[in-house]
Each structure stands twice: as structure tokens, then as C-alpha cells.
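Chemist: Quick one: structure below, then a few questions.
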Amino acid sequence: MKPRSISSFTAYVGIDWADRKHDFCLQANGSDICESGTLEHTPEAIAQWAQSLYDRFGGPIAVCLELAKGPIVYALQRCDFFVIFPVHPSTLARYRQAFVPSGAKDDPSDAKMALDLLLRHPERLEPLKSTSAAMRTLSTLVEERRHLTDGVTRITNRLTSILKQYYPQALDWFEHRNTIMFCDFLNRWPTLAHVRRARTATLESFFHSHNCRREYLVSGRIKGIRSATALTEDEAVIRPARMMVETLVAQLRVLLEAIERFDAEIDDVSHSLPDYELFASLPGAGPIQTPRLLVAFGEDRARYASAGEIQRYAGIAPVLERSGNKCWVHWRFACSTFLRQTFVEWAGSTIPRSYWAGAYYQQQRSKGCSHGVAVRALAFKWIRILYKMWKTRTCYDESTYLNALKKHGSPLV
């Protein structure tokens, strides 16, 4: 193992975590005797258990479990004598299946399997390395922000479906439905009958107060309001739908305000990290994608030995399988979905902002690739550039890369 030899630990622990309790299997260095037990999931019990291990064995102590983050990991990280080795749940499941083909499963036996994997195959495991508090904070912030935007998408889709049942004109008047202006409009005029009774001056004042001052857009909306015809006047449809719209709008408003607060916090934390300007120099990065790319690479420049490791870890590199005379390529399932989203979404935003990226995308489409396949291929190519930038701490320069492509005779230029 990279940090230290497996024999340098005073004891080895395998943990099968759960919500209320954790089963563990313990073996001292130089001993073949395994001790099993159960640990309650309380801060006091975990601290007492950890101290008892330190009093008995000293340190360091190797711990293997199926988590890279979570309550039990956070509690163990408080003790500097623990070296945590996270293992992917599917890896442990396949390891168990190899020795228990019947499929039998139990928490104590899973803890023993984790310990066995640690002792027999330490070269396959990487210790959990601590990063700065700012990087860990930013990592959680950008992931939680993504969950919030997914919630906005779900609510706006549901809102769109309900408005189509009784008030479809509102969807025509607003191209973007994930805005405070859209929420305020539906709160003030939840039905067509309400908005048609509004005076022109009132409507103009509403749009101007929401920084919508393009006269052709305001006048077009007002004209549409005056000429609109109700889809239905059945109270049995309108009344429940209106209540549901008001409920969804309230939820949407809370999420939009939360995203604004997260954006401010992300901006503050990301600017404190030394590599921020490195990723901010990329085309299309902006205030949203720059922190996500920063988190994707992290601070430890020894973490990845090559760009290929990042491509595989993020799920951008496809999986090649061979069996006999057959060979096929498929989507990579075992990967970080959030990182894949980060690279694919950012790569898509570079198509209109980078000359070579746009040319490469069109080249892939001309070969018959779909939009998704072409963008993933572009992300695959971008990661090699990002890795070189990250390793050498060099900001991106479009002209430098274009000159390199020209020098090597690339068809993109």
C-alpha cells in the first residue's frame, strides 16, 4: 500500500455499518484470532470503543468499511490513529458471493468479509485521505446544490403538467418557469380569470418590477392576456388545480431562494482555494461549473496517476468487454454519477464557446453519433487537457491549444 505496509498496523477492523448499530470484526497484528462485536451508533459509544482500541493496541489501526463518508466515518475520523479504507459496496458483495454462493448474508459475516478483504488484498484498497476543510465544505455544497436543482426540475415539471389542465397560457407567456417572477405571477393571478381582470398599468408595473423591461416582450404578454380564451370553466377542474399550483409555487420559491444562498456560499468558499483561477480560465466554466470542476480534481495531485484514471472514475470512459470471439463496449455503471454529470454538462457548454470543441462536436455528429455520445466524447477529450492543466498548474489558453493542434496536423483546425 502507498501510505504504509499492511504489517505496520497494530490491529485491523472490518465494520458492517447500519443505522442504529455497527457490527465489527477485529484482529490484532500477528494473531489469527478474530473478535466480533456490536457497536451502538451513538457518539458516546463510538468514542468509548475507539478509546478502548487505542488503550489496547495503540496505533495506527486499519479500518475497512463500505463508506467513504457518513456518520460513522465522521466519528472515526476524529481519531487520528484510525486509517480508514473505504471499499465499494458492490466490491464487497462480489467478494462475499465468491465464497458464499448460496447468497446468505448477515451483518457479522459482512464485517468479517471486510476484514478478510483488508488483510488479503490490501493492494486493492486506498486509504481515505483527509483534505482541507474548505475543499470538503465545497464538495458537499456543490452536491447539495445539485440536489436542489433536481428538486426544482421535478416541481416545474409537475407545475407544467397541472397548468396544462386549466391555464396553459401561463406557460406560453413565460419561457423560464424556474424563476421568482413566474412564482410571483402565479401567486398573484392563479387563474386566467384573475389575470384578465388586471389593468394594463398593473401588469406593466409587475413586469418592470421584476426587471423585465423589453417593451416587445411586455406588450406581447399583455396582448396575449387580453386575447386569451379559457381552456375550461369547470370549477371541478380549476379549483383543485389552483390549490395544487399554489402549493407547488410555494415549494418552488423555497428551493429557488435556497439555491441563491448556496450560490453565495459556494462562491465564497471556492474563491478561497488556490486552484480556483485555474479552472475559472476554462471556457463555459462560470460560477456554477468552476467549483464543480475544482471538486472533481481536488487538492491531492498524487490522487490520479493519469488522465485515464479520472476518465474511468467519472464514468466518461466506456467499458470494453471481451469473451471469446465477441467484443462489445457499453456504458460505465460503477462510477460517480455526480462527477459524470459535471464533466458532461460542462463539456456541452464549451461547444459554442471553444472553436476546437465546437468543431470536434460537429465531427462526431457527422460520424452518426447522437448528441449525448458526441458530448461524452468531447468530455473524454477535455479531461486529458484538464489533467495536464491541473498537474502543471497552468491556466487554459485556447490559442496555445489551437497552435498545438495545428502543429500535429489535427483536422480540427
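The values are calculated or read from the model by the stated rules, or taken from the named source; none is laboratory data. Given the structure is predicted, the values throughout are model-derived calculations rather than measurements. Reconstructed Cβ throughout: ideal geometry from the backbone, glycine too, with neighbour counts over all protein chains shown. Only protein heavy atoms, including side chains, enter the accessible area calculation; ligands, DNA and RNA are left aside. Shrake-Rupley method; radii C 1.70, N 1.55, O 1.52, S 1.80 Å.
Chemist: As an exercise, use a Förster radius of 41 Å and the Cβ-Cβ distance of Arg158 and Ser8 to find the FRET efficiency, rounded to the nearest 0.05.
Modeler: So, using R0 = 41 Å, E works out to roughly 0.15.
Chemist: For the chain, what % of the accessible area comes from carbon and sulfur atoms, probe 1.4 Å?
Modeler: In the chain, the share of accessible area belonging to carbon and sulfur is 52 percent.
Chemist: Ok, one more. Which entries of Lys129/Lys391; Lys367/Lys407; Lys381/Lys407; Lys21/Lys112; Lys367/Lys391; Lys21/Lys69 have Cα-Cα distances beyond 22 Å here?
Modeler: Beyond 22 Å: Lys367/Lys407; Lys367/Lys391.
Chemist: Relative to the longest principal Cα axis of the chain, at what angle does helix 107-120 sit, 0 to 90 degrees, rounded to 10?
Modeler: Between helix and principal axis, roughly 70 degrees.
Chemist: Counting pairs of alpha carbon atoms under 8 Å apart in space and at least six apart in sequence, what relative contact order in percent does the range 272-413 give?
Modeler: Normalised by residue count, the contact order of the range 272-413 is 28 percent.
Chemist: Let me check I have the definition right: for the chain, take the eigenvalues of the Cα gyration tensor, multiply each by 5, take square roots. What are those semi-axes in whole Å, largest first?
Modeler: Working through the eigenvalues yields semi-axes of 49, 31, 22 Å.
Chemist: Quick check on the range 114-230: what does the Kirkwood estimate of hydrodynamic radius come out to from the alpha carbon pairs, in Å?
Modeler: Evaluated over the range 114-230, this radius sits at 18.2 Å.
Chemist: Taking the Cα centre of the range 1-96 as the origin, how large is its charge dipole in debye, to the nearest 20, when only Lys and Arg (+1) and Asp and Glu (-1) carry charge on their Cβ atoms?
Modeler: That gives the range 1-96 a dipole magnitude of about 360 debye.
Chemist: Compute the acute angle (0 to 90°) between the alpha-carbon long axis of helix 398-407 and the principal axis of greatest extent of the alpha-carbon atoms of the chain; round to the nearest 10°.
Modeler: Relative to the chain, helix 398-407 is tipped by roughly 70 degrees.
Chemist: Ok, one more. Below 8 Å between Cα atoms, with a sequence gap of 6+, how large is the relative contact order for the chain in percent?
Modeler: 12
Chemist: Angle between the Cα long axis of helix 89-99 and the longest principal axis of the chain, 0 to 90 degrees, nearest 10?
Modeler: 40
Chemist: Which value in Å is the Kirkwood Rh of the range 57-164 over different Cα pairs?
Modeler: 17.0
Chemist: Taking a virtual spin label 7 Å from the Cα of His371 along the C-beta vector, which residues in the range 322-364 bring their backbone nitrogen under 19 Å of it?
Modeler: In the range 322-364, the label zone of His371 (backbone N under 19 Å from the point 7 Å along Cα→Cβ) covers 341-354, 357-364.
Chemist: Now for a different question. Quick one: length gained pulling Asn403 to Glu126 fully straight, 0.36 nm per residue minus the C-alpha distance?
Modeler: 95.8 nm
Chemist: Which one, Thr191, Ala98, Leu148, is farthest towards the positive end of the dipole of the chain when Lys and Arg carry +1 and Asp and Glu -1 on their Cβ?
Modeler: Going by the Cα projections, it comes out as Thr191.
Chemist: So which trypsin sites (Lys or Arg not before Pro) in the range 339-413 are both in a DSSP loop and have at most 12 other Cβ atoms within 10 Å of their Cβ?
Modeler: In loop regions of the range 339-413 (DSSP not H, G, I, E or B), the sparsely surrounded trypsin sites (Lys or Arg not before Pro) are Lys367, Arg393.
Chemist: With both bridge residues required to lie in the chain, what share of the DSSP beta bridges run antiparallel, to the nearest 5%?
Modeler: 65
Chemist: On to the next question. Cβ under 9 Å from Ala374's Cβ, Ala374 left aside: what net charge do those residues give with Lys, Arg +1 and Asp, Glu -1?
Modeler: Charge balance near Ala374 sits at +3.
Chemist: Testing the spin-label approximation: label points 7 Å from Cα along Cα→Cβ at Thr91 and Thr179. State their distance in nm.
Modeler: Output for this residue pair reads 4.8 nm.
Chemist: Restricting to the range 1-108, compute how many DSSP beta bridges are antiparallel as a %, nearest 5.
Modeler: 60
Chemist: Let me ask something else about it. Compare the peptides 397-403, 23-29 by average per-residue count of other Cβ atoms within 10 angstrom and give them in order, highest first.
Modeler: 23-29, 397-403
Chemist: For Ser52 and Asp106 in the same chain, what is the full-extension length gain: residue separation times 0.36 nm, less their Cα-Cα distance, in nm?
Modeler: 16.9 nm
Chemist: For the range 122-197, state which GluC sites (Glu not before Pro) are in a DSSP loop and have at most 16 other beta carbons lying within 10 Å of their beta carbon.
Modeler: Glu175
Chemist: Another question, if that's okay. Output the peptides 231-240, 342-351, 262-271 sorted from most to least packed, where packing is the average of other Cβ atoms within 10 Å over each peptide's residues.
Modeler: Averaged packing, sorted descending, gives the order 342-351, 262-271, 231-240.
Chemist: Assigning unit charges at the beta carbon (Lys, Arg +1; Asp, Glu -1) and nothing else, what dipole magnitude in debye, to the nearest 20, does the chain show about its Cα centre?
Modeler: About 1820 debye.
Chemist: Now for a different question. Averaged per residue, what accessible surface does the chain expose to a 1.4 Å probe, in Å²?
Modeler: 54
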